[in-house]
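Q: Before I ask anything, let me first share the structure, which is written out below as structure tokens.
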Amino acid sequence: MSACSHIMNRKANFILLIFMVFIAGCSVEAPEVKITGEKTALENQVIGTYEEIEQDSWTITSVRSTSPGKAPAMSEEKKKVLSAVQNRRFNKDDIDEFKEDMVVGENNNGFLEIRNAEKLNKDADYRKRVEQIVAAENQDRKVIMERAMQVNEDIAKAGAERVASVFAKIWQEESAPGTLIQLEDGSWVKKGSD
């Protein structure tokens, strides 16, 4: 072995040694995994379909904003669900306020329910606002649930009652801690922190 190749081998070994020390000194953290329980096949299908519906509404909205006057052709059902998704986004702040005020909660059928009529009786204008927005939100949720069953045959086969209970879980999970949710047994509790 020549002196030159011997020096090259020593340099290569030295670089390899430095690299190995560097790698050994680095810590590798595993990503945080939050386990919330196994989801059923129906829950996964409903969640996937719901996400597609919301994504469609974002896509259509962005197409409209970049190409004004050139609305994409769509069925009446799709227009209806697009409107429902947009209405829900528009009303979200009010609904969050009502939940914080403990005047509405998420029931176990996928809808909002007025829970504190006593507080509402103290302010007629507030009561009217709550009733109107809750009614609109519940109608929009009904449209979204029906659309999910229209576009996914497996969801439709599960039946409206089971689909509604899956949507109830989705919307209860989206609710902030401390808001009212209805359990499967019909009792109402304040949602714990996640």
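Q: Considering every residue within the range 108-131, establish whether at least one is among the aliphatic types (A, V, I, L, M), in a helix (DSSP H, G or I) and surrounded by 16 or more Cβ atoms within 10 Å (Cβ to Cβ).
A: yes
Q: Let me ask something else about it. Can you name the residue in the range 162-180 that is of a type outside the set (Ser, Thr, Tyr) and over 13 Å from residue 46 (Cβ atoms) and, of all such residues, is surrounded by the most Cβ atoms within 10 Å (Cβ to Cβ)?
A: This residue is 180.
Q: Which condition number does residue 146 fail, the rest of (1) outside any strand (DSSP E or B); (2) more than 18 Å from the chain's Cα centre (by Cα) being met?
A: With (1) outside any strand (DSSP E or B); (2) more than 18 Å from the chain's Cα centre (by Cα) applied to residue 146, the lone miss is (2).
Q: Within the range 151-190, restricting attention to residues that are part of a loop (DSSP other than H, G, I, E, B) and under 10 Å from residue 106 (Cα atoms), which residue is farthest from the chain's Cα centre (by Cα)?
A: 183
Q: Before we move on, is residue 104 in contact with a helix residue (DSSP H, G or I) (Cβ under 7 Å, 6 or more places away or on another chain) and either basic (Lys, Arg) or at pLDDT below 95 (or both)?
A: no
Q: Taking residue 103 as the residue in question, decide whether it is under 30 Å from residue 76 (Cβ atoms) and either small (Gly, Ala, Ser) or surrounded by 19 or more Cβ atoms within 10 Å (Cβ to Cβ) (or both).
A: When the stated conditions are applied, residue 103 does not pass them.
Q: What tally of residues in the range 135-149 results from selecting those that are in contact (Cβ under 8 Å) with a residue 40 or more places away in the chain and loosely packed, with under 14 Cβ neighbours inside 10 Å?
A: 1
The values are calculated or read from the model by the stated rules, or taken from the named source; none is laboratory data. Note that the coordinates shown come from a computational prediction; the quantities given were computed from them, not determined experimentally. Cβ atoms come from the backbone with ideal geometry, glycine included; neighbour counts cover every protein chain shown.
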